[in-house]
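To start, the structure under review is shown below, and the notes come after it.
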Amino acid sequence: MSVIGIDTSNYTTSIAYFDGVGGENYSQLLPVRQGELGLRQSDAVFAHIKSLPALSGRLFSHVEATAITAVGVSTRPRAVEGSYMPCFLVGVSHAKLLSDALGVPLVEVSHQQGHVAASLWSAGHLELMEQPHLAWHLSGGTTELLLVEPEGKNVRCTRIGGTTDISAGQLIDRTGQLLELPFPSGKDLDELSREAVGKETFRVKCAGSEFSLSGIQNQVQQFHQRSGVPAETAAFALRCVAGAVMQATEQAMKRYPGLRVVFSGGVASNSLLRETLAPLNPIFAQPRFSTDNAMGVAVLASRMTEE
């Protein structure tokens, strides 16, 4: 079985191929001007329209179209009522055209479900698709702790914790803007933080696996005014995020004993976060499959159409 997955998120254009065991993913970040914190949806849609044909051309240069048995696509951010973002319409239109042209099924999933599947596949733990587990979706727009349960060959994601205001990715990107780093700032902030020697942090209040990150932005700005050292500011911001995620995870593990914890989303590729959470024996996606990608969509399409 060979399937195609397409994901047109608010950050990345992506198309992937999956043959039931392995595959490949082609992605391109959406262009954002220096100093800005993202794109308007109209600009994101236009960027996807420009990028997707080039990426699909690279993929189909060596993937035989006649071997494709299904096409998967993410249609919305989360599989909940009211979840909608125009940028996903680009992927949907391309996927529908492709499935019609090839005469194969079209499988629709959410961006979040794709993240979960990509994490489990890249970490070598697809067996957890059949078992309840905990999962973090840590990205530019989402910081949610989920109870993930099997739902046919897909998964059902129920929010049980996370941020009550800005996301971890937003805090990271705003810190990057403060330090004049490119957007999105996760990778550069991660590399910069490795030069830090200090250990100062601010403990975020967390109850019932819920926490607020909006106040941390002020703490980061005040810390940078005191220290004036970009590397120390980067590490301070990341330690605050990691500490909040650690608290929330520990509280959830007490409520749901025995469940493994999986991390997905671009923020989950951060090295300081991974080091902080190591005592919990978490499952992390490979870094290149932590960020937005279509591989998880392809994995789900493969599972949901297998005989």
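The values are calculated or read from the model by the stated rules, or taken from the named source; none is laboratory data. This one's a predicted model, so the numbers in the text were calculated from it and none came from an experiment. Cβ sites come from the backbone with ideal geometry, for glycine too, and all protein chains shown count toward neighbours. The area values use the complete protein model at the heavy-atom level, side chains included, leaving out ligands, DNA and RNA. Shrake-Rupley method; radii C 1.70, N 1.55, O 1.52, S 1.80 Å.
What size of dipole, in debye to the nearest 20, comes out for the stretch 13-103 about its Cα centre when the only charges are +1 on Lys and Arg C-beta atoms and -1 on Asp and Glu C-beta atoms?
In total the dipole reaches around 280 debye.
Using +1 on the beta carbon of Lys and Arg, -1 on that of Asp and Glu, and nothing else charged, what's the dipole of the stretch 34-175 about the Cα centre, debye to 20?
260 debye
With labels modelled as points extended 7 Å from the Cα through the Cβ direction, what inter-label distance (nm, one decimal) is found for GLU191 paired with LEU97?
Computed distance between label sites GLU191 and LEU97 equals 3.6 nm.
Please give the FRET efficiency for GLN34 paired with ALA65, using the beta carbon to beta carbon distance and R0 = 30 Å, rounded to the nearest 0.05.
My answer for the efficiency is 0.15.
Of MET253, ALA234, GLN222, which is farthest on the positive side of the dipole of the stretch 190-261, counting Cα position, with +1 on Lys and Arg Cβ, -1 on Asp and Glu Cβ, and the Cα centre as origin?
MET253
Positive end of the charge dipole of the stretch 46-106 (Lys, Arg +1 and Asp, Glu -1 on Cβ, about the Cα centre): tell me which of ALA65, SER93, GLY103 has its Cα farthest that way.
Most positive-ward Cα: SER93.
Can you tell me the dipole magnitude for the stretch 202-307 around its Cα centre, using point charges on the Cβ only (Lys, Arg +1; Asp, Glu -1), in Debye to the nearest 20?
That gives the stretch 202-307 a dipole magnitude of about 340 debye.
Given R₀ = 41 Å, what would the calculated FRET efficiency be for GLU81 paired with GLN222, taking r from the Cβ atoms and rounding to 0.05?
Between GLU81 and GLN222 the formula returns 0.55.
Using a 1.4 Å probe over the heavy atoms of the protein chains, calculate the carbon and sulfur portion of the accessible area of the chain as a whole percent.
52 percent
Hey, what's the stretch 149-307 come to in accessible area per residue, 1.4 Å probe, Å²?
Spelled out: the 1.4 Å probe surface of the stretch 149-307, per residue, equals 44 Å².
Give the lysines reachable from LYS254 as a straight Cα distance under 22 Å; neighbours fewer than 8 places away on the same chain don't count.
The reachable lysines, counting only those whose Cα sits under 22 Å from LYS254, are LYS205.
Could you tell me the center-to-center distance, by alpha carbons, between the stretch 76-112 and the stretch 16-60 in angstrom?
The two parts, judged by their Cα centres, are 14 Å apart.
Sequence gap at least 6, Cα distance under 8 Å: using those rules, report the relative contact order of the chain to the nearest whole percent.
Reported as a whole number, the value is 25 percent.
Using a cut-off of under 20 Å, list every residue of the stretch 113-127 whose amide N is near the label point 7 Å from the Cα of ARG156 along the Cα-to-beta-carbon line.
Under 20 Å, as judged by backbone N against the label point of ARG156, lie 113-117, 127 of the stretch 113-127.
Pop a pseudo-label 7 angstrom from the Cα along the beta-carbon direction at both VAL229 and GLN41 and give the gap in nm to one decimal.
Taking the simple label geometry, VAL229 and GLN41 are separated by 4.4 nm.
Run the reach check for LYS187 against lysines, Cα to Cα strictly under 22 Å, same-chain hits fewer than 8 apart removed. What comes back?
Leaving aside lysines fewer than 8 places away in the same chain, those within reach of LYS187 are LYS199.
Would you mind pulling out the separation of the Cα centroids of the stretch 209-282 and the stretch 118-174, in Å?
Comparing the Cα centres of the stretch 209-282 and the stretch 118-174, I get a distance of 15 Å.
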